[in-house]
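Notes for the one structure printed next.
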Amino acid sequence: MAGRKFPTVLLLILNLLSFLPFLTISFSPDHPTDRRILVLLDDLALKSSHSIFFTSLQSRGFDLDFKLADDPSIAVKRYGQYLYDGLILFSPSTDRFGGSLDLEGVLDFVDSGHDLILAAETSASDLIRSVAAECGVDFDEDPSAMVIDHTGYAVSQIEGDHTLIAADDFVQSDVILGSTKIEAPVLFKGTGHSLNPDNSLVLKILSASSSAYSANPASKLSNPPLLTGSAISLVSVVQARNNARIIISGSLDLFSNRLFRSGVQKAGSSYKYEKSGNEQFVTELSKWVFHERGHLKAVNLKHNMVGGTDEPSMYRINDDLEFSVEIYEWTGSSWVPYVANDVQVQFYMMSPYVLKTLSTNEKGLYHTSFKVPDVYGVFQFKVEYQRLGYTGLSLSKQIPVRPFRHNEYERFITTAFPYYGASFSMMAGFFIFSIVYLYNK
Amino acid sequence: MTRNLGFLVVALVLVASLCEAKIFNPISDSHRSAALQLFSVSDGSFGSLEETYEALRTFEVLGIEKKADTRASTCATVVDTIGSPSSALKDLFQALRVNGILKCELNDEAFKGIMSRIKDAINDAHSLLDYYYSIGGLMLIKDQTSEVAVHLGDADRIFRSIKALSQGDGRWRFSSNNPESSTYAAGVALETLAGVVSLASSEIDHSLIATLKNDIVKLFDGIEKYDDGACYFDEKIIDAHMHQGSLSASSVVVHGLTAFVTAARGSLNLPGDKISGLAKFFLGIGVPGSAKDLYHQIVALACLENSRVSVPLILSLPATVLSVSRKDQLKVRVNTVLGSAAPPLSVKLVQIFSSGSKDASVIDQELKLDPESAVHVLETLPKNVDVGKYIFSFEILLHDPEHKKIYATGGRTTVPLYVTGVISVDHAEIAILDSDLGSVEIQKKLDLSGENAVALSANHLQKLRLSFQLTTPFGRTFKPHQAFLKLRHESGVEHIFVVGSSGKKFEIVLDFLGLVEKFFYLSGRYDIQLTVGDTVMENSFLQLLGYLELDLPDAPEKAARPPPQPVHPYSRYGPKAEITHIFRAPEKRPPRDLSFVFLGLVLLPFFGFVAGLFYLRANLRNLPKSTVPVTFAMLFHLGIAAVLLLYTFFWLKLDLFTTLKALGFLGMFLTFVGHRTLSHLASTSAKLKSA
């Protein structure tokens, strides 16, 4: 009996031990890559037809949990704790999510700093549209509209309706799309969207060419389409102020094995690429969205007087000070020094009094020195670093600045020497006069 | 219910999007490369015995030779499993299946040993899967060795107990205490029953077989159908982890059905279009992304190809976009589902539907067979086929009337075709018209195949007219899907107009008087851009025609403002301009020398005073003579000097409090000594006066 119990206990301990590395590498501010991802599908066949994408995520260490979008057991939150770090919505036609998840649930999920990939299609449901609209993306109102491009389509022997688009108008950002240039165009088939001009956080990643338009290919056009030209966005991303990241794609096929493997030849060009750019595009984008890249942290914000090392509690106007901050970038496995030449510090009281670009030692340390302005009050050191694709850094540290003390002003001003001279000659005169007056005879 | 309906709609949309062109291509090399990728070998094996079987079976069907490198380790596992008395029934079954393909060296003793175990298992079997594994195991033993006689004595009883799990609609339950019926279970049951029939030592009761056939027909009545003719069996029990979707359910049913038909040797009257519909369903999936799906797809297609029910033939087109300018020929290929050659047959083009109009033209033209490539070719397109979208309808005619019983052609196959060509653009001109008279102010010809750069100007009382003509290579008027005129103001505001057609001509007239509001009263330079495109137009273009200088009236106060233009993202994120604080300028001071000059001037009266004293011969003769008064006088003056010195120190470094403290003491001292000195002086002078 005891002999049988022992292996059970051992097994239990081993099980717990195997959870240990999992716990330590889960999402945290020090380890910002997502780990647990909930994938909601319309149909489980998507799991197989989009398997390259899912496999690439799994091989990068993500823990995918596949569920049908109407599965009644869906829950992203339990006892106030989120069960997942990321959400993939590959369920364009779902009208209602199963379980406790709803539109508010998805938005709360994102509002609490989690990431989202949303793929829509033609005839996307109102639910998916409203999730996108909350992110500043408006899909074409016509549910049967597709993006059509008669000059930028992908040449195909069997698809002649020019809705399979070879798009190559990418955003110029190494941090979002990786440093390797995407050579082959990306195949896209689906619905287009426009970006809300009032939303400054949403960004077009892949836009349609200027000859594209969004319309129902089966019906004649009588009115001009709502979306035309390069204003049509095919894939957009959002980076929220809390660093939650969102990808919104108008095409679910973009992620599919079929388009990953397919070759591509853009109309009007004679070169045929063996493989479309989809796999590279989607992989790089997913690295970005799940915080494997472009996540910055700033630490050790320090300031002191020139020549000193301690941080004073207050500066006097016209002091010379030194400021430094360390910035690191997350690579998916470790923090490495972030190198850039455009990090700026502000010395701020209601408006910046000093705004200076920091110089770097290429090892993550950014520093500068400047003279405190001759205005006293409560100032802040502010580092506001918002760059395309990078998480925003917003640091501030308060520091009061005082005027000169009464005894810190300049004494013995040359200009005043006549006054001093007058006083002292008066005093000397008085001394002599008092003696002469008293004892003269 | 709504959930299932929703799923159905989703599945419909999905598969419709996967096989949009309604062309089902037979299994090709892409499946083979996918199979090699999906069934990956790690540590010399494919994983569990079940996975190994799936991999080996898929490779076998696809004709991939890849047994050698895994054979040794797999065979060792098989021998282990079969030899071990503790291995589960399922593992035995999987081991036998693998052995069926690999033909590992197993002795008859091993077979006999497991056979008795399996027979015991049959007797206490309760669930469908127990029967499936044990009967399947016996079937496999029977196939693999001739030394061991495999019989089922009480086949009728087993048949009945399996049949007892069947449901009214042709589906099955997995066990008697599980009320949910499943299509997957039906396929499993059919395969098991096929095993029972072929293992039976005596003939099975005919009425039992007849009811089973009836069940199969009922099962096929419940088949689901897509618009494009693909059929599948829906599976209601969906488990995200097992992933028993419609693919695996349909695959297992096809497997069971073909096994049963082979075993029962009777005829089964199933409609041919459902069989080819199933084939279309499996082919419509394309290349699956998971190993399990690929296995199910390939195995089902292999069953269909070799079935005794009917072998579906698949008509496929290598290209459905035909260019008139390249003189593409219409090619049709007919294969079986696995891509092997079809029996002698001819393909006939029956009808052509033009997608724009409802009418269909009946053609009845036979395609010419190119014997080398086994492709049926339509050498010239029919006369009435111009550029456009068409739906061609084909029929397969089998040469041998005997084949009609074996092959299912699926009736007519309709295929959407795009016939593309170069559209000629002529008579393009742009003009500015006077509004009231309609007289032409300026008119310019445009060459829409080349470059254009017209410069026009107009005011709000004039009109802009653009017209052109499109003709197909066959001389007919062509109406493209996209014919947009875009006016783009320098501030980025765009206006798009659809160019409509009137008769042969495409014409648009923009009356600026009616458009001022829409144009937000924005005067200035507008770029004119014309886009003409269509799916069948090979020379779709987007052209900048030039610009138009518009002079519109000033905006009234209440006029709508133009919408905000999106900010370019790069500008939003760049670094900001540096700011340096401008310090207050220091006070203006006179030069040092001037101060020194004035210092000298200020000191002059003092020297004058001293000089005056000398001039007046000032003396100190009144100084007291005696010791005590002299001491007091000296102390008094020293005290005054100390006060003055204190003032100097106050100026140099002392603060007010120290100074006042010191001054207090000095003051008291001075009062005392001053009183003594002055009273002495006063008494001296009083003595003098009185004297």
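Laboratory data are not the source of any read-out in this text; all were calculated from the coordinates shown. Note that the structure is a prediction, hence the values are computed from the model and not measured. Cβ: placed from backbone, ideal geometry, glycine included. Neighbour counts: every protein chain shown.
Viscosity 1.567 mPa s, temperature 4 °C: what is the translational diffusion coefficient of the stretch B:89-149 from Stokes-Einstein with a Kirkwood Rh over Cα pairs, rounded to a whole number of µm²/s? Write down the numbers at each step before the final one.
On the way: Rh = 11.5 Å.
Answer from the Stokes-Einstein relation: 113 µm²/s.
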note: chain A, Cα-Cα separations exceeding 43 Å make up a percent value of 35 percent
In the stretch A:243-309, the chymotrypsin sites (Phe, Trp or Tyr not before Pro) that sit in a DSSP loop and have at most 15 other Cβ atoms within 10 Å of their own Cβ are A:TYR271
Residue by residue through the stretch A:286-298, the couplings from Karplus 6.51 cos²θ - 1.76 cosθ + 1.60 with θ = phi - 60°, in Hz, x for Gly and Pro, are 6, 5, 5, 5, 9, 6, 8, 8, x, 9, 10, 9, 10
In terms of the charge dipole of the protein assembly as shown, which places +1 on Lys and Arg and -1 on Asp and Glu at the beta carbon, the residue among A:PHE417, B:THR472, A:ALA428 farthest towards the positive end is A:ALA428
So the pair-distance distribution of the stretch B:129-229, from every Cα-Cα distance in 10 Å bins, comes to percents of 15, 43, 29, 11, 2, 0
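Of all GluC sites (Glu not before Pro) in the stretch A:244-332, which ones are in loop regions per DSSP and have a Cβ with at most 14 other Cβ atoms within 10 Å? Write out the running numbers ahead of the final one.
Values: sites: A:GLU274, A:GLU279, A:GLU284, A:GLU292, A:GLU322, A:GLU326, A:GLU329; in loops: A:GLU274, A:GLU292.
Passing both the DSSP loop test and the Cβ count: A:GLU274.
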Pseudo-spin-label distance A:THR357 to B:LEU544, built 7 Å along Cα→Cβ, given in nm, is 3.2 nm
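How about the stretch B:253-290: which trypsin sites (Lys or Arg not before Pro) there lie in a loop by DSSP and see at most 12 other Cβ atoms within 10 Å?
Counting only loop positions with at most 12 other Cβ atoms within 10 Å, the trypsin sites (Lys or Arg not before Pro) in the stretch B:253-290 are B:ARG265.
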Cα-based Rg and Dmax for the stretch B:337-495, in Å, come out at 25.6, 80
Kirkwood-based Rg/Rh on the Cα set of the stretch B:614-685 evaluates to 1.10
Subtracting the Cα-Cα distance of B:ASP143 and B:ASN622 from 0.36 nm times their residue separation yields 156.9 nm
Counting other chain Cβ atoms within 10 Å of each Cβ in A:154-165 and taking the mean gives 6
With no solvent term and unit scatterers on the alpha-carbon positions of the stretch A:77-116, Debye gives log₁₀ I(q)/I(0) at q = 0.19, 0.20 Å⁻¹ of -0.56, -0.62
Per GNM of chain A with C-alpha springs under 10 angstrom, the most fluctuating residue out of A:LEU40, A:LEU226, A:LEU118 is A:LEU226
Tilt, helix B:29-38 to longest principal axis of chain B (alpha-carbon atoms), in degrees rounded to tens, equals 60 degrees
For the stretch A:87-190, the Cα convex hull volume per residue in Å³ comes to 136 Å³
Mean other chain Cβ within 10 Å across A:335-347 is 1
Given unit charges at Cβ for Lys, Arg (+) and Asp, Glu (-), the dipole magnitude of chain B about its Cα centre in debye, nearest 20, is 5040 debye
Taking chymotrypsin sites (Phe, Trp or Tyr not before Pro) as exposed when in a DSSP loop with at most 14 other Cβ atoms inside 10 Å, chain B has its longest clean stretch at B:1-473
Quick calc: nm separation of the 7 Å Cα→Cβ label points for A:PHE412 and A:SER179 -> 6.0 nm
Place a point 7 Å from the Cα of B:VAL217 in the direction of its beta carbon; the residues of the stretch B:254-274 whose amide N falls under 11 Å from it are B:268-271
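Once fully extended, how much extra length lies between B:SER201 and B:SER354, figured as 0.36 nm per residue of separation less the alpha-carbon to alpha-carbon distance?
On the way: separation 153, 0.36 × 153 = 55.08 nm, distance 6.11 nm.
Length difference between fully extended and current span is 49.0 nm.
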Rounded to one decimal in nm, the spacing of the 7 Å Cα→Cβ label points at A:LYS441 and B:ARG561 is 10.0 nm
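How large is the dipole of the protein assembly as shown about the Cα centre if only Lys and Arg carry +1 and Asp and Glu carry -1, each at its Cβ, rounded to the nearest 20 debye? Present the calculation step by step, with values, prior to reporting the outcome.
On the way: 105 positive and 119 negative charges, 1176 e Å.
The calculation lands at about 5640 debye.
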Under a Gaussian network model of chain A whose springs join Cα atoms within less than 10 Å, the largest fluctuation of A:ALA231, A:ALA428, A:ALA69 belongs to A:ALA428
If one builds a Gaussian network model of chain A from Cα atoms under 10 Å apart, the most fluctuating residue listed among A:GLY307, A:GLY429, A:GLY250 is A:GLY429
With N residues in chain B, Rg(alpha-carbon) / (2.2 N^0.38 Å) equals 2.02
If unit charges are put on Cβ atoms (+1 for Lys and Arg, -1 for Asp and Glu) and the dipole of chain A is taken about its Cα centre, the option from A:PHE109, A:PHE323, A:SER209 lying farthest towards the positive end turns out to be A:PHE323
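Over the stretch A:295-406, consider all pairs of different Cα atoms and compute the Kirkwood hydrodynamic radius from their mean reciprocal separation; express it in Å, one decimal.
Details: mean 1/r = 0.0682 Å⁻¹.
About 14.7 Å, per the Kirkwood formula over Cα pairs.
Taking GluC sites (Glu not before Pro) that fall in a DSSP loop and have at most 13 other Cβ atoms within 10 Å as cut points, what is the longest piece of chain B between them?
Counting only loop sites that pass the neighbour cut-off, the longest clear stretch is B:204-371.
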Ranking B:THR81, B:CYS231, B:LEU487 by how far each Cα lies towards the positive end of the charge dipole of chain B (+1 on Lys and Arg Cβ, -1 on Asp and Glu Cβ), the top one is B:LEU487
About its Cα centre, the stretch B:425-557 carries a charge dipole, from +1 on Lys and Arg Cβ atoms and -1 on Asp and Glu Cβ atoms, whose size in debye to the nearest 20 is 560 debye
For B:GLY546, the residues 5 or more places away or on another chain with a placed amide H closer than 5 Å to its own amide H are B:VAL454, B:ILE528
Residues whose built amide H sits under 5 Å from the amide H of A:ARG316, excluding neighbours closer than 5 in sequence, are A:ARG402
The Rg/Rh figure for the protein assembly as shown, Cα atoms and Kirkwood Rh, to two decimals is 1.24
Nearest 10, in degrees from 0 to 90: the angle of helix B:49-62 to the longest Cα principal axis of chain B is 70 degrees
Expected integer from the mean partner chain Cβ neighbour count at 10 Å over A:412-425 is 6
The distance between the Cα centres of the stretch A:126-173 and the stretch A:74-115, in whole Å, is 25 Å
